[in-house]
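Below is one structure, written out as structure tokens; comments come after it.
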Amino acid sequence: MVLLSGRGSNLRALVERSREPAPPYRIALVLSDQPAAAGLGIARDLGVASRALPAGTAADRVSYDRALAAAIDECAPSLIVLAGFMRILSPEFVARFAGRILNIHPSLLPKYPGLHTHRQVLAGHDPVHGATVHFVTAELDGGPPIIQAQVKVYPDDDAATLAARVRAQEHKIYPLAVSWFCQGRLRCRDGRAWLDGAALAAPVRYDDAHPARGH
């Protein structure tokens, strides 16, 4: 299952991977807290089941998360994939689905959790930027990291150009991490990500996972 709030660019990459020969996973449902989210339109165009579960103005976080959990239980997915889902999930929700929620964040975590990462990278004059896929815990963007991809930061970059290059890498590493999980290769245990039976001392670099493809 994929949860989203916005345009759904990572959703498209995930769907495309699911339709390759011998697909490693199937997307059972796309669900959004925003009825007008462009990602719902992408799901419909691609023939993937989708629906909105709007929060409304009166719903508190715990109440919404209970409704969201009920919708997820109806589908009974093996994995919940956050693809630009802009709500902060309650600790109760995260505990209920512990080890079964992935997120992608546009920074090289643990640097720059939260919002406006591209602006922060530029303000800090960082030489590299990137994206991280991680398991979700109650700590915002603090769950065990799985895989990262890097991009160079150029002197003439602005937030938009940097975001575009990072997004292109997201579309590579997110389907890969989801595939690993659905193939039984990736799990979260003892507060760490485990790949192929070994705890990751550091996130996998995309170059190492796909050396022939590079950046």
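In segment 108-135, the residue that is farthest from the chain's Cα centre (by Cα) out of those that are part of a loop (DSSP other than H, G, I, E, B) and of a type in the set (D, E, K, R) is D126.
Taken together, the residues in segment 152-183 that are under 18 Å from the mean Cα position of the chain (by Cα) and either buried (at least 18 other Cβ atoms within 10 Å of the Cβ) or more than 21 Å from R19 (Cβ to Cβ) (or both) amount to 17.
Restricting to segment 121-140, count the residues that are buried (at least 20 other Cβ atoms within 10 Å of the Cβ) and either within 15 Å of W180 (Cα to Cα) or in contact with a Ser or Thr (Cβ under 9 Å, 6 or more places away or on another chain) (or both). Within segment 121-140, residues that are buried (at least 20 other Cβ atoms within 10 Å of the Cβ) and either within 15 Å of W180 (Cα to Cα) or in contact with a Ser or Thr (Cβ under 9 Å, 6 or more places away or on another chain) (or both) number 8. Any residue in segment 89-99 that is touching a residue at least 60 places away in the same chain (Cβ under 8 Å) and within 20 Å of the chain's Cα centre (by Cα)? Yes, that holds for at least one residue. Filtered by the rule that a residue be touching a residue at least 24 places away in the same chain (Cβ under 8 Å) and not in a loop (DSSP other than H, G, I, E, B), segment 42-65 gives I42, A43, R61, V62, Y64, D65.
In segment 74-95 there is at least one residue matching the filter, namely being farther than 26 Å from A131 by Cα, in contact with a strand residue (DSSP E or B) (Cβ under 9 Å, 6 or more places away or on another chain) and either surrounded by 12 or more Cβ atoms within 10 Å (Cβ to Cβ) or aromatic (F, W, Y) (or both).
Considered as a group, the residues in segment 145-204 that are out of contact with any strand residue (DSSP E or B) (no Cβ under 9 Å at 6 or more places or on another chain) and of a type in the set (S, T, Y) include one that is nearest to N10 (Cα to Cα), and that residue is T161. Which numbered condition trips up G124, out of (1) in contact with a Phe, Trp or Tyr (Cβ under 8 Å, 6 or more places away or on another chain); (2) within 30 Å of Y154 (Cβ to Cβ)? Evaluating G124 over (1) in contact with a Phe, Trp or Tyr (Cβ under 8 Å, 6 or more places away or on another chain); (2) within 30 Å of Y154 (Cβ to Cβ) leaves (1) as the failure.
Readers should treat all values here as calculations from the given coordinates under stated rules, not as data from a laboratory. Just so it is clear, the structure is predicted and the values come from calculations on it, not from any experiment. Don't worry about glycine lacking a Cβ; one is built from the backbone with ideal geometry, like all the others, and counts go over all protein chains shown.
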